[in-house]
Amino acid sequence: MKTLIKNGRIVTAVDDYLGDIFIDGETISAVGKNLTMAADKTIDAKDKLVIPGGIDAHTHMDMPFGGTVSADDFRTGTLAAAHGGTTTIVDFAIQTKGQSIMEALDTWHEKAAGKTAIDYGFHMIVTDLPHDRVGELKRLINTEGVTSFKMFMAYPGVLLVDDATIYRAMSVAGEHGALVCMHAENGVVINEIIDRAIKEGKTGPKFHALTRPTKAEAEGVNRSIALAEMAGSPVYIVHLSCYDALRKVQEARDLGIPAFAETCPQYLFLDYSYYEKENFEGAKYVMTPPLREKWNQDELWTGLRMNDLQVISTDHCPFCFKEQKELGKDDFRKIPNGGPGVEHRMSLVYNGGVVGGRISVNRFVEITSTNPAKLFGLFPKKGTIAPGSDADIVIFDPSKKQKISASTHHMNVDYSCYEGFEVQGVSETVLSRGKVVIENGKYVGKAGDGKFIKRSTIDLNSGRSSSEQMREPALARR
Ligand code: URP
Ligand code: ZN
Ligand code: ZN
């Protein structure tokens, strides 16, 4: 199949020009002005942005958590992602305590194979790493294409790992070109605070937030970075939510330490006040870290502008309000943690960032696609528009407006965190490896179009090749 995209405004992390793209099979074959190759299909992109497909480096499809399972599986979750202009997800496989890491990977392959609308990769959540399992970690990196792991400093007794385990995993990551993603919150102290709250009869959803102070997140970030430094490895902080935590990343980057971090739309557009909603509706926003006081949002945008935050992912982990969130009706500890978001990331960030005048259109592409591709070993196969790259392309209408609602979204969940939000900037047509999967807003693909992508290793310690710019500390402070 040969496809010609004509007259679009092609935007990458560094370019912005009018031009055409010729796709031959699954990859981009040529980019230029007035291309005249014969094609099976021509797409007119006049007045549209033509951008690399979004990469959401943080999703939880079909994930057992909090006594239930996340509401989107790989079919519904990736279909929703495609509608929103995301063409690759990196989802979290989980090793349960004592389980073989390879067995955990097989389980996630079984969950996803043949179901997805778009391409996908896996991170591995490591919950248990005795010395005799270290070989499995090396095999993940060197042969299975799983070049990042997540570890938790939160959820004692369930997912939390001790500092020795984190240090051990980081040492392997540093040596073999992988990246450790940290859930950075001091969960041991948080549990003390939670126990006290429960004794005082504080059981409503807002106490989820009030028992997880920003200092607990900042302490986790600080410790993650110190452990990574000792282990000689880079570190990537997931779902960073607040200024206290951001400052720790800024300090490290100013010292030239390879510390990276993502934030998520919920921390940029929602805030603590959502927990005060009546009729248990605050439970819809119970996620970890929690939503913070509104003033943090401006600081996060500054972090995104100054490259102290490199990525916006969603942490898509949906649970229905009915029956799932309701598990915690009488006790916030039983509300499954997480919220939906995979579908609207690109529109929310474009609207809040570019339309809102906070970031440039190039930075929009960089933080939603190029940087996650570089950090997670997908670049330049994905994350840019160039000859040889996968033809993962979004024709994005920068003027069109859309009202977000659970009544129209494609995620398999009965509410939206952004119900009623009007956003400007909508993904219109989406190509995944050269195949149109969304055409003028309609899904025209099929389950199984997407395939597992083995990701490369990347040397974020050396500052060579594509990782070089990822290490740049914020210009303003040099
Ligand atoms: O509340 C959240 N974030 N749920 C998903 C699991 C995690 O910690 O990322
Ligand atoms: Zn987490
Ligand atoms: Zn997560």
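The values are calculated or read from the model by the stated rules, or taken from the named source; none is laboratory data. It should be emphasised that the depicted structure is a prediction, and the values quoted were computed from it without experimental measurement. Reconstructed Cβ throughout: ideal geometry from the backbone, glycine too, with neighbour counts over all protein chains shown. Please note that ligands, DNA and RNA were not included when accessible areas were found on the heavy atoms of the full protein model with its side chains. Shrake-Rupley method; radii C 1.70, N 1.55, O 1.52, S 1.80 Å.
Legend: calculated FRET efficiency, Ser100 to Asn34, from the Cβ-Cβ distance at R0 = 60 Å, rounded to 0.05, equals 0.60. Note: relative contact order over the stretch 165-296, using C-alpha pairs below 8 Å and six or more positions apart, is 28 percent. Each Cα pair under 8 Å and six or more residues apart adds its sequence gap; the mean of these over the residue count of the chain is a relative contact order of 22 percent. Rounded, prolate or oblate: pick one for the stretch 299-396, where a ≥ b ≥ c are the square roots of the eigenvalues of its C-alpha gyration tensor, a/c under 1.5 means rounded, and failing that, prolate if a/b is larger than b/c, else oblate. Judged from the Cα gyration tensor, the stretch 299-396 comes out prolate (a/c at least 1.5, a/b above b/c). Kirkwood's formula applied to the C-alpha pairs of the stretch 346-397 gives a hydrodynamic radius of 11.6 angstrom.
The listed peptides 61-69, 305-313, ordered by packing as a protection proxy, come out as 305-313, 61-69 (highest mean of other Cβ atoms within 10 Å first).
Per residue, the chain reaches -7500 deg cm²/dmol at 222 nm when only DSSP H runs of four or more residues are counted, each adding -39500 (n - 2.57). Looking at the chain alone, DSSP beta bridges between its own residues are antiparallel in about 50 percent of cases. Amide H to amide H distances under 5 Å link Glu428 with Ile395, Phe396, Asp397, where only residues 5 or more positions off or on other chains count and H is placed in the peptide plane. Here the dipole of the chain is about 580 debye; that uses its Cα centre as origin and unit charges on the Cβ of Lys and Arg (positive) and Asp and Glu (negative).
Once you sort the root eigenvalues of the Cα gyration tensor of the stretch 144-251 as a ≥ b ≥ c, which label holds: rounded (a/c under 1.5), prolate (a/b larger than b/c) or oblate (the other case)? Prolate. Distance from the Cα centroid of the stretch 57-131 to that of the stretch 179-237 is 23 Å (rounded to whole angstrom). For the pair Glu110 and Asn7, label points projected 7 Å from Cα toward Cβ lie 5.2 nm apart. When the solvent-accessible area of the chain is split by element, carbon and sulfur atoms take up 49 percent of it, the probe being 1.4 Å. For the pair Thr27 and Glu200, a Förster radius of 60 Å applied to the C-beta separation gives a FRET efficiency near 0.50, rounded to the nearest 0.05. Counting only DSSP beta bridges with both residues in the stretch 1-156, the antiparallel share comes to about 45 percent. Along the stretch 105-119 the Karplus relation, 6.51 cos²θ - 1.76 cosθ + 1.60 evaluated at θ = phi - 60°, assigns HN-Hα couplings of 5, 4, 4, 6, 4, 5, 5, 9, 4, x, 10, 8, 7, 9, 6 Hz to successive residues, with x for each Gly and Pro.
When His83, His316, His109 are compared by accessible surface with a 1.4 Å probe, the order from highest to lowest is His109, His83, His316. Distance between the pseudo-spin-label points of Val134 and Asp330 (7 Å out from Cα toward the beta carbon): 4.8 nm. Check each of the GluC sites (Glu not before Pro) in the stretch 307-346 and keep only those in coil by DSSP with at most 15 other C-beta atoms within 10 angstrom; list them in order. Those that pass, being in a loop and sparsely packed, are Glu323. Remark on Val69: its backbone amide H falls under 5 Å from none of the residues 5 or more positions apart or on other chains, H modelled at 1.01 Å from N. For the stretch 62-78, putting each phi into the Karplus relation 6.51 cos²θ - 1.76 cosθ + 1.60 with θ = phi - 60° gives couplings of 6, 10, x, 6, x, x, 8, 10, 4, 6, 8, 9, 5, 6, 5, x, 7 Hz, in residue order, rounded to whole numbers and with x for Gly and Pro. Per-residue accessible area (protein heavy atoms, 1.4 Å probe) orders Ser416, Ser100 as Ser100, Ser416, starting from the largest. For the stretch 1-25 versus the stretch 354-397, the spacing of their alpha-carbon centroids is 13 Å.
Accessible-area rank, largest first, for Lys294, Lys381, Lys48: Lys294, Lys381, Lys48, with all protein chains present and a 1.4 angstrom probe.
Stretching Lys46 away from Thr457 to a fully extended chain increases their span by 144.2 nm, per 0.36 nm per residue minus the current alpha-carbon distance.
Near the amide H of His58, within less than 5 Å, lie the amide hydrogens of Val90, Thr314, Asp315, all on another chain or at least 5 residues away, with H placed in the peptide plane.
Computed from phi, the 3J(HN,Hα) profile of the stretch 225-237 under the Karplus parametrisation 6.51, -1.76, 1.60 (θ = phi - 60°) reads 5, 5, 5, 5, 4, 5, 7, x, 10, x, 9, 10, 8 Hz, with x in place of Gly and Pro.
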